[in-house]
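Asks: Take this structure, written in structure tokens, and hold onto it; I'll ask about it next.
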Number of protein chains: 2
Amino acid sequence: MSQLASAPLESLPAESLVGLCDTLASQARIAATELASVRSDAKNRWLIAAADALVAATESLLAANAVDVASATANGLSAASIDRLTFTPGRIQKAAEGLRQIASLPDPVGRIRDGQVRPNGLQVQKIGVPLGVILFIYESRPNVTLDAAGLCVKSGNAVILRGGSEAFHSNTALHRLLAGLLPQFGLPEHAVQLVPTQDRAAVGHLLRMGDRIDLAIPRGGESLIRRVAAEATMPVLKHYDGICHVYVDAAADLEMAERIIINAKCQRPGVCNAAETVLIHRDIAATFLPRLGTALTGQGVEIRGCEKTRQFIPNATIVTEKDFSTEHLALILSMSVVSDLTEAIRHIRRFGSKHTDAIITRDLPTAQRFVQEVDSAAVVVNASTRFNDGFELGLGAEIGISTDKFHARGPCGLEELTSYKYVITGMGQIRE
Amino acid sequence: MSQLASAPLESLPAESLVGLCDTLASQARIAATELASVRSDAKNRWLIAAADALVAATESLLAANAVDVASATANGLSAASIDRLTFTPGRIQKAAEGLRQIASLPDPVGRIRDGQVRPNGLQVQKIGVPLGVILFIYESRPNVTLDAAGLCVKSGNAVILRGGSEAFHSNTALHRLLAGLLPQFGLPEHAVQLVPTQDRAAVGHLLRMGDRIDLAIPRGGESLIRRVAAEATMPVLKHYDGICHVYVDAAADLEMAERIIINAKCQRPGVCNAAETVLIHRDIAATFLPRLGTALTGQGVEIRGCEKTRQFIPNATIVTEKDFSTEHLALILSMSVVSDLTEAIRHIRRFGSKHTDAIITRDLPTAQRFVQEVDSAAVVVNASTRFNDGFELGLGAEIGISTDKFHARGPCGLEELTSYKYVITGMGQIRE
């Protein structure tokens, strides 16, 4: 069915594509204005109804997904990509659970972020307001469609979804389900829209509509994100890559260091908060590297190390500057022995991506200096880099992680999808 | 003396100008890294010393300022512009007071904005950090140089100042004084830099240095701000104009409405939070407009009104759509009679600039709807629009007012010049 709906759009002439994008943006703008005044319980009821409907529609969702999986297999996508793309009843259940969880989170719209009474009696409040219209551009996993739609609507924002072409039929089915339920809860029907064509030029058109779209959020490979950042006429919430470090200090608990490195590297190597580089203080190189090398090799990790690393881990290949600058997203780990904390910080400043960097140490002043001088979205002491995540940090859910300092940094959840206005209430005060 | 210093720079060839801007940006970047770790008391001692030095240097500052005032007079600048440009001992004293006030404000760097302990025992803190390097581009009043330098350094940011050419000698003298005092308090000497040439191309070069400059703040006329927004490769904190409205509801206290309108329009007509348009509910037009017309005319205000307005204020000329879209920054007021709150909100949405909009009413549901549906940085109930100001809202001081929703909105003080990082402290936790 979604093929029937999308087929004619694929052959749209350029003007029609601009017109289509224009319509999406204008409809979203109007929906955003309405959505800003919608009460929390309407949004929550929609989220819960969507969760129920998802589970009820399992069979038809699996059928739509099967079309995508078949194309992906025919197009020779990697096994990992196909796995990420594939729906199962269990995954649909889990996605539904995610929507119910968003329903249970506090609504950031209308929240009094700060307030005071001024000496002249004026009441000043900072009140949470939605950002407006969000353009969300993402790749592969279709459950991201649900998270994004849920987070945007709950935070009062209209969203234009642009998923990867490999998940087009799955996303179309999910969008139809989500959007179809909006009107019965009094929510504007264009609060959640999906770009109904796989034409790549649509993204370029939408990125030029900064007059109606308030924010673009790209999530996917670095080239996608660089393209969005270069072309967008609206602010962009993003991170390019996650080159995350674990620095093992001379005063580290080595058992803890080993456990954390294995977790940071191996628990899910394909995500942005996985470790890419381990730095080791030279005083512990001889004691720690052999056991770490054995543990990592046992987990199937390919080690690339500096000369000194290779003295103690003979199976390590030589590391290059390119390795230090690369987010491998795979079981490959760069390692370097450093002479002290200063050299470790210098390495992180030079090669890091200001995403997540950890230190393992028992020495308080060392931990303090690391926290002070490493300028990353998350700085971690004696824990895994994998904790830089919206759920783990208590935000409930996240739409992405930002490494920018402007607006929001780190995981971005409901609160980060809002702005605020000042509401000033007086009894006739004028300025002297 | 500053003429001697600046004269050769005026004739810089293009490559030298790029090189100069490059040096400014690189020096600022290094200074910003150092400044991020400086303790509050060093910054405060510098602010207080600068305040003392300002007052002590009154005579030489007046001499430098006299050069600017003489050129401005020769170039035929308006009396108002020359007045804004002119130093007096009293104004220097007041500017020094401003620096002392910034010293007394809490330091946003290192402030724990939020914190919690997660169920697994991880301690999660959101800690204030500086944005980095700020490029501040502004016009006329030289005391803005002091405010900007004080606010940036106190919030841990290095600043590159680019003042208006009409204030070049005054700004050069002020900058020399401020920057000269930095090293004795352990602050990096390039924390405060002034672009040492009046060549307009320098701004273009600096705006392309998004790799080292984190934020541009333009303050001045709309054309300056539009140029900066168009050319900047870094985020921009700004508002284009302040088309601020006062809506007088049918249920208004008319004495209060008159007092507030006179204050909002006349107390300082040349600033962004002054009222440009008054909207009047038709039910009170006959009672309220004649007295309001008399009061405004008595203050020298030129009234431009719709047909209905002119029935009750005969000396009003006819208002145009262009008037409704113009920030006059002068004693000119646009007026329109509206049939209800809906029409007032529609007018504000169409012509307003999302800066500051006020309602005068005794009716609570009307006030609530106005606050909910008007999407401006500040929405005011029964008080003057002039209160949308950093000092009046309790921020202490402001570097500008933002009408964007991304990052900060409304007046921007110390807190708005910072971002945050997550600091995650564990005892060896790994992700399950």
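Asks: Does B:LEU178 qualify as being more than 14 Å from chain A (Cβ to nearest Cβ), in a strand (DSSP E or B), within 30 Å of B:LEU77 (Cα to Cα) and in contact with a Phe, Trp or Tyr (Cβ under 9 Å, 6 or more places away or on another chain)? Working first, answer last.
Replies: Details: more than 14 Å from chain A (Cβ to nearest Cβ): yes; in a strand (DSSP E or B): no; within 30 Å of B:LEU77 (Cα to Cα): yes; in contact with a Phe, Trp or Tyr (Cβ under 9 Å, 6 or more places away or on another chain): yes.
Considered against the rule, which asks whether it is more than 14 Å from chain A (Cβ to nearest Cβ), in a strand (DSSP E or B), within 30 Å of B:LEU77 (Cα to Cα) and in contact with a Phe, Trp or Tyr (Cβ under 9 Å, 6 or more places away or on another chain), B:LEU178 comes out as no.
Asks: Now a separate question. What number goes with the only condition from (1) modelled with pLDDT under 95; (2) surrounded by fewer than 18 Cβ atoms within 10 Å (Cβ to Cβ); (3) closer than 21 Å to A:LEU417 by Cα that A:PRO106 does not pass?
Replies: For A:PRO106, the exception is condition (1).
Asks: Is it the case, given these coordinates, that A:LEU364 is modelled with pLDDT of 95 or more, out of contact with any helix residue (DSSP H, G or I) (no Cβ under 9 Å at 6 or more places or on another chain) and more than 8 Å from chain B (Cβ to nearest Cβ)?
Replies: On the way: modelled with pLDDT of 95 or more: yes; out of contact with any helix residue (DSSP H, G or I) (no Cβ under 9 Å at 6 or more places or on another chain): yes; more than 8 Å from chain B (Cβ to nearest Cβ): yes.
For A:LEU364, the condition - modelled with pLDDT of 95 or more, out of contact with any helix residue (DSSP H, G or I) (no Cβ under 9 Å at 6 or more places or on another chain) and more than 8 Å from chain B (Cβ to nearest Cβ) - is met.
Asks: Still on this model: Scan A:VAL371, A:VAL337 and give me the residue that is part of a strand (DSSP E or B) and either in contact (Cβ under 8 Å) with a residue 24 or more places away in the chain or under 14 Å from B:THR425 (Cα atoms) (or both). Break it down into steps so the answer makes sense when it comes.
Replies: Working: A:VAL371 fails: part of a strand (DSSP E or B).
Among A:VAL371, A:VAL337, only A:VAL337 is part of a strand (DSSP E or B) and either in contact (Cβ under 8 Å) with a residue 24 or more places away in the chain or under 14 Å from B:THR425 (Cα atoms) (or both).
Asks: For the stretch A:403-416, give me the residue count where each residue is within 10 Å of chain B (Cβ to nearest Cβ) and in contact (Cβ under 8 Å) with a residue 12 or more places away in the chain.
Replies: The number of residues fulfilling the criteria is 8.
Asks: Moving on. Might you let me know whether the stretch B:87-106 holds any residue that is out of contact with any Asp or Glu (no Cβ under 8 Å at 6 or more places or on another chain) and within 14 Å of another protein chain (Cβ to nearest Cβ)?
Replies: Among the residues of the stretch B:87-106, at least one is out of contact with any Asp or Glu (no Cβ under 8 Å at 6 or more places or on another chain) and within 14 Å of another protein chain (Cβ to nearest Cβ), which makes the answer yes.
Asks: In contact (Cβ under 8 Å) with a residue 40 or more places away in the chain, more than 30 Å from A:PRO235 (Cβ to Cβ) and not aromatic (Phe, Trp, Tyr): does that describe B:ALA285? Walk me through how you get there before you give the answer.
Replies: Numbers: in contact (Cβ under 8 Å) with a residue 40 or more places away in the chain: yes; more than 30 Å from A:PRO235 (Cβ to Cβ): yes; not aromatic (Phe, Trp, Tyr): yes.
Answer is yes for this residue.
Asks: I'd like the full set of residues that are more than 15 Å from the chain's Cα centre (by Cα) and polar (S, T, N, Q), limited to the stretch B:234-280.
Replies: B:ASN263, B:GLN267, B:THR277
Asks: Continuing with this model, one more query. Tell me the strands (runs of 3 or more DSSP E) entirely within the stretch A:194-306 that contain at least 3 residues that are within 25 Å of A:GLN27 (Cα to Cα). Walk me through it before giving the result.
Replies: Values: elements: A:215-219, A:244-248, A:275-281, A:302-305.
Here the list reads A:215-219.
Asks: Confirm whether B:ARG349 is surrounded by fewer than 20 Cβ atoms within 10 Å (Cβ to Cβ), at pLDDT 95 or above, at the interface with chain A (Cβ under 10 Å from one of its Cβ atoms) and not in a loop (DSSP other than H, G, I, E, B).
Replies: On the way: surrounded by fewer than 20 Cβ atoms within 10 Å (Cβ to Cβ): yes; at pLDDT 95 or above: yes; at the interface with chain A (Cβ under 10 Å from one of its Cβ atoms): yes; not in a loop (DSSP other than H, G, I, E, B): yes.
Taking the combined requirement at face value, the residue satisfies it.
Asks: Assuming B:GLY394 fulfils every condition listed in (1) modelled with pLDDT of 95 or more; (2) within 7 Å of another protein chain (Cβ to nearest Cβ) apart from one, which condition is it?
Replies: Condition (1) is where B:GLY394 drops out.
Asks: Cβ contacts < 7 Å: first residue within 10 Å of chain A (Cβ to nearest Cβ) and without any contact (Cβ under 8 Å) to a residue 24 or more places away in the chain, restricted to the stretch B:245-270; second residue assigned to a loop (DSSP other than H, G, I, E, B) and of a type outside the set (D, E, K, R), any location; separation 6+ or different chain. Result?
Replies: Note: pairs meeting the criteria are B:ARG259/A:ILE430.
Asks: Let me ask you something else. Please go through the stretch A:417-432 and give me each residue that is within 7 Å of chain B (Cβ to nearest Cβ), free of Cβ contacts under 8 Å to residues at least 60 places away in the same chain and not aliphatic (A, V, I, L, M), ordered by number. Even if it seems obvious, please write down each step before you answer.
Replies: So in the stretch A:417-432, the residues within 7 Å of chain B (Cβ to nearest Cβ) come out as A:419-431.
If we keep only those that are free of Cβ contacts under 8 Å to residues at least 60 places away in the same chain as well, we get A:428, A:430-431.
A:GLY428, A:ARG431 - these are the residues of the stretch A:417-432 that are within 7 Å of chain B (Cβ to nearest Cβ), free of Cβ contacts under 8 Å to residues at least 60 places away in the same chain and not aliphatic (A, V, I, L, M).
Asks: A:ASP323 passes all but one of (1) closer than 25 Å to A:THR294 by Cα; (2) part of a loop (DSSP other than H, G, I, E, B); (3) of a type outside the set (A, V, I, L, M, F, W, C); which number fails?
Replies: (2)
The values are calculated or read from the model by the stated rules, or taken from the named source; none is laboratory data. Because the structure is predicted, anything quoted here is derived from the model rather than measured. Every residue, glycine among them, receives a Cβ derived from its backbone with ideal geometry; neighbour counts consider all protein chains shown.
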